[in-house]
């Protein structure tokens with residue numbers, strides 16, 4: 001694989017390092033410069049450069065700045081007036097400039113116009129979703145419907161992203177998404193799990209970057225792409241901040257503070273919050289069992305041929321989180337930032353399950369099962385970042401060190417009692433007790449170097465080492481006695497070392513970014529079981545390596561191309577190779593029990609999946625309307641699929657078949673799709689945006705002799721409107737619909753969800769009060785049908801019922817308008833340069 005890509009890489013680098021002067025005509029010269037905000041020092045994207053001739057009023061030329069505020073325009077020899085403009089900023093003019101050689105205007109600082117602050121508000125409030133060439137940026141703080149909610153709630157409103165009823169996150173219908181915090185893997189994102197995102201308040205984050213064609217700088221993990229969550233860190237001078245209080249129904253109460261103190265030498269920032277909430281849910285399932293073969297191969301009728309279950313779940317969650325950091329400015333070019341994140345959570349779930357059991361259409365028995373699950377979660381993370389900006393042209397070095405620790409202690413207690421028996425049969429149900437402790441440790445070392453080459457080229461290189469270890473101690477007791485067959489300790493390590501380099505250049509209307517990443521993945525595990533190897537094979541049906549150490553070396557090329565059709569129109573083309581590494585719970589062969597009859601079992605034989613992805617995008621702006629579109633194709637080999645099957649065992653006492661869900665490498669998965677999006681602001685009081693995503697998955701493969709090939713065509717769409725009413729009232733509506741879809745063993749019906757919100761500024765715009773309703777129609781329910789060799793099942797699942805929330809935000813030493821402007825323009829360390837596509 002390495003030999004295959006290296007010659008191509010050398011040819012590409014050789015081509016793009018050739019002198020670019022040959023593309024320019026000798027009679028033309030370049031007027032260049034960089035435009036920044038004089039207060040914040042951040043680049044101003046899409047600032048307008050107008051070039052006129054003093055003696056020719058009909059002559060007009062110009063362009064706009066790129067993502068980093070840079071511009072370079074070709075003109076013939078002569079005398080010109082040059083005007084730099086950005087909406088709501090004071091323009092800068094360079095009159096009667098003689099051009100008979102290349103002219104570099106240097107760094108041009110624009111200051112905000114005090115007479116146009118009201119106009120700034122309009123610009124900031126309309127840009128709820130910012131569309132960039134390399135990413136889509138969603139500003140969390142501008143979504144009224146997520147006030148009092150969680151990060152997972154906020155992500156559910158992001159274009160291209162969908163969050164299912166259980167909190168699972170997918171991008172363009174693909175759930176293999178890489179979650180980053182401030183551009184890095186983090187304990188705040190649960191070491192790869194998305195569970196923590198359902199606990200963190202939406203107020204803790206500033207924006208979400210959706211990256212569907214990542215460059216070589218990013219980790220190759222995540223075949224769907226990357227979601228980069230940027231935490232709040234105000235940059236306003238002096239002491240300022242905000243306080244947020246929430247209350248709602250079902251029980252939901254929380255308070256958080258975001259404060260900042262900045263001087264010329266340092267910046268201290270902190271976000272702290274506490275949240276208490278109940279998330280009641282419910283579900284039902286109707287399972288019809290078929291006869292199954294026993295060990296002698298004879299067909300045996302099930303004890304019950306139909307079981308109908310109704311579950312009510314109450315989830316009580318209490319969590320505290322804080323993020324404290326200090327940024328120290330060593331000099332004008334360099335700074336050192338240290339931060340610590342801590343989270344503590346306590347969860348208590350109580351599930352009651354009423355079960356009706358039938359034989360030949362007649363009700364013969366009823367039972368009531370109670371499940372109590374508790375969990376205590378401690379996580380902390382310490383990080384240090386160093387950045388040295390050698391100049392204002394983008395030449396810089398950054399280095400990061402990050403240490404994260406997590407500890408989860410969970411217990412489960414399951415009891416079941418018979419409430420009715422037509423046959424007067426008394427059953428002795430076994431009480432189950434589950435005790436599980438999970439300790440996680442993560443170390444991250446990263447360095448990135450960026451070197452501009454001339455006016456239009458840039459080279460970048462870096463290293464990242466990510467080392468994670470998880471030790472899971474699982475104990476299962478039946479009636480107080482330890483179950484020797486399932487009790488175990490699983491010690492799992494994932495180490496990833498990566499080197500990358502990328503080169504970008506621009507000539508004319510074309511921009512190229514070519515990158516190559518080399519990654520070595522080590523998946524290492526040790527299983528401490530009380531069973532012998534032969535007993536393990538007998539228990540689980542396949543050979544289990546209790547001490548494995550697997551290494552995978554791979555090259556991951558990326559190519560991003562941009563063609564600027566005009567100032568407000570472009571076409572992008574991206575290619576990248578990605579990897580999907582199996583997480584620890586996908587590899588651990590010892591089952592985790594969701595009930596007496598359903599278990600999830602990992603597969604230690606699981607291999608990483610690899611994908612090649614292509615993305616073709618088009619962007620067009622017409623004043624008040626922005627239109628985006630893309631088509632994409634992905635081919636994934638050794639793709640993961642979850643298979644549900646009969647284990648061969650039955651529950652003690654009532655002999656109900658026990659089914660297991662197990663992930664397997666199911667050959668290939670071909671994905672093709674397209675998406676459309678728009679942002680439309682027809683008037684200052686009305687702001688609209690929407691998106692539509694259509695995709696088709698074609699999975700081919702078999703497992704244990706059974707064909708699981710399936711073709712799934714589905715779609716999802718969302719629409720959001722924000723209306724400014726009289727009396728400074730804002731009204732927002734969000735609607736989302738996911739179409740029906742097929743999987744390897746069944747089908748899911750469509751899901752509709754609508755959120756509403758109202759807000760009003762009070763206390764001279766220093767505070768905002770808002771009210772929202774999430775899932776207005778109480779319709780966010782997953783209805784599905786599953787069919788296997790042994791049973792058919794219809795089910796409906798609602799993770800959280802409709803909720804109401806009241807929120808109050810109070811800002812001190814900062815005005816809402818000024819805060820919105822700064823939030824919109826803050827550069828919080830975008831990970832890529834001018835040429836990202």
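Nothing in this text is a laboratory measurement; each read-out follows from the coordinates by a stated rule. All of these numbers come straight from a predicted model, not from anything done at the bench. Backbone-built Cβ (ideal geometry, glycine too); neighbour counts: all protein chains shown.
Take each of the peptides 618-625, 632-639, average the number of other beta-carbon atoms within 10 Å over its residues, and list them starting from the highest. Walk me through the intermediate numbers first.
Working: 618-625: 13.8, 632-639: 19.4.
Taking the mean over residues of other Cβ atoms within 10 Å, the ranking is 632-639, 618-625.
Set the Förster radius R0 to 56 Å, insert the Cβ-Cβ distance between residue 766 and residue 698 as r into 1/(1 + (r/R0)^6), and round the FRET efficiency to 0.05. Provide the component values of the computation, followed by the final result.
Details: r = 55 Å, r/R0 = 0.98.
Once the sixth-power term is evaluated, E becomes 0.50.
Testing the spin-label approximation: label points 7 Å from Cα along Cα→Cβ at residue 417 and residue 543. State their distance in nm.
5.0
In terms of the Cα gyration tensor, with a ≥ b ≥ c the square roots of its eigenvalues, is the stretch 238-825 rounded because a/c is under 1.5, prolate because a/b exceeds b/c, or oblate?
Working: a/c = 1.67, a/b = 1.46, b/c = 1.14.
Prolate.
With the Cα gyration tensor of the stretch 258-363 giving a ≥ b ≥ c as the square roots of its eigenvalues, does the rule (a/c under 1.5 for rounded; else a/b larger than b/c for prolate; else oblate) give rounded, prolate or oblate? Can you show the working numbers first?
Details: a/c = 6.73, a/b = 3.17, b/c = 2.13.
Prolate, since a/c reaches 1.5 and a/b exceeds b/c.
What is the spin-label model distance, in nm, from residue 810 to residue 622 if the labels are put 7 Å beyond Cα along the C-beta direction?
4.7
How high is the FRET efficiency between residue 637 and residue 93 when r is their beta carbon distance and R₀ equals 60 Å, given to the nearest 0.05? It would help to have the intermediate numbers written out before the result.
Numbers: r = 58 Å, r/R0 = 0.97.
E between residue 637 and residue 93, to the nearest 0.05, is 0.55.
In what sequence, highest mean first, do 214-220, 238-244, 269-275, 416-422 appear when ranked by Cβ atoms within 10 angstrom?
Working: 214-220: 26.3, 238-244: 17.9, 269-275: 20.0, 416-422: 14.3.
In decreasing order of mean packing, 214-220, 238-244, 269-275, 416-422 become 214-220, 269-275, 238-244, 416-422.
How many nm separate the modelled label positions at residue 55 and residue 397, each set 7 Å beyond the Cα in the direction of the Cβ?
If labels sit at residue 55 and residue 397, their model points lie 5.1 nm apart.
Can you tell me the FRET efficiency between residue 354 and residue 723 if r is taken as the Cβ-Cβ distance and R0 is 60 Å, rounded to the nearest 0.05? Provide the component values of the computation, followed by the final result.
On the way: r = 45 Å, r/R0 = 0.75.
It comes to 0.85.
Assuming a ≥ b ≥ c are the square roots of the Cα gyration tensor eigenvalues, decide whether the stretch 458-582 counts as rounded (a/c under 1.5), prolate (otherwise, with a/b larger than b/c) or oblate. Intermediate values should be presented prior to the final figure.
Details: a/c = 3.95, a/b = 3.21, b/c = 1.23.
Note, shape of the stretch 458-582 comes out prolate.
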